[in-house]
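Note sheet for the following structure.
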């Protein structure tokens, strides 16, 4: 029985590995399947989807853009001019729109300028945020609220015996707002 135990130890392993000799050239794998042909342009939509169209440049309305641009410039210039002038015999005091109105007119006027440039030259200025009509309506609301405030200031001055008038800057802002509203209305129309 001594020999029976030694036979188990001499048995060959159950799995064999293939050993490749170093001096033989390696075998190359079979070539992969060829790639499918790309879709031909102009043919019906297949697996590649519809044919692509060339990008068309955006179409702006230059007439409306000029109104919006001019309106924005007028609004900013009007804020820098006097809105109310008070005269007491020997002295005259004026308050600019920036002192009375704050930053709202600057922001909306700058927005109108940039939007007007985008409408007049859409190939150079790609600014499409919002419509100028909305900015014009907000400007009109601000003008109406400041009109009542200016009238209250004039009534207070007259009750104290001081002459007062609404300055040129307010009317320039009114003209600028009208231009922005006209340009906004023209931009809503479709070009034929």
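Screening residue 99 against (1) at pLDDT below 85; (2) crowded, with 16+ Cβ neighbours inside 10 Å; (3) over 23 Å from residue 63 (Cα atoms) leaves a single unmet condition, (2).
Of the set (1) surrounded by 15 or more Cβ atoms within 10 Å (Cβ to Cβ); (2) assigned to a loop (DSSP other than H, G, I, E, B), all apply to residue 164 but (2). Checked against (1) modelled with pLDDT under 90; (2) part of a helix (DSSP H, G or I); (3) more than 21 Å from residue 168 (Cα to Cα), residue 137 meets all criteria but (1). Being free of Cβ contacts under 8 Å to residues at least 12 places away in the same chain, outside any helix (DSSP H, G or I) and surrounded by fewer than 13 Cβ atoms within 10 Å (Cβ to Cβ), is that true of even one residue in the stretch 102-118? Yes, there is a match, as at least one residue in the stretch 102-118 is free of Cβ contacts under 8 Å to residues at least 12 places away in the same chain, outside any helix (DSSP H, G or I) and surrounded by fewer than 13 Cβ atoms within 10 Å (Cβ to Cβ). So which of 20, 59 is under 30 Å from residue 118 (Cβ atoms), assigned to a loop (DSSP other than H, G, I, E, B), at pLDDT below 75 and out of contact with any helix residue (DSSP H, G or I) (no Cβ under 9 Å at 6 or more places or on another chain)? Being under 30 Å from residue 118 (Cβ atoms), assigned to a loop (DSSP other than H, G, I, E, B), at pLDDT below 75 and out of contact with any helix residue (DSSP H, G or I) (no Cβ under 9 Å at 6 or more places or on another chain) holds for just one of 20, 59, which is 59.
The values are calculated or read from the model by the stated rules, or taken from the named source; none is laboratory data. If you're wondering where the values come from, they're calculated on a predicted model, not measured in any experiment. Methodologically, a virtual Cβ is constructed for each residue, glycine included, from the backbone with ideal geometry; neighbour enumeration extends over all protein chains shown.
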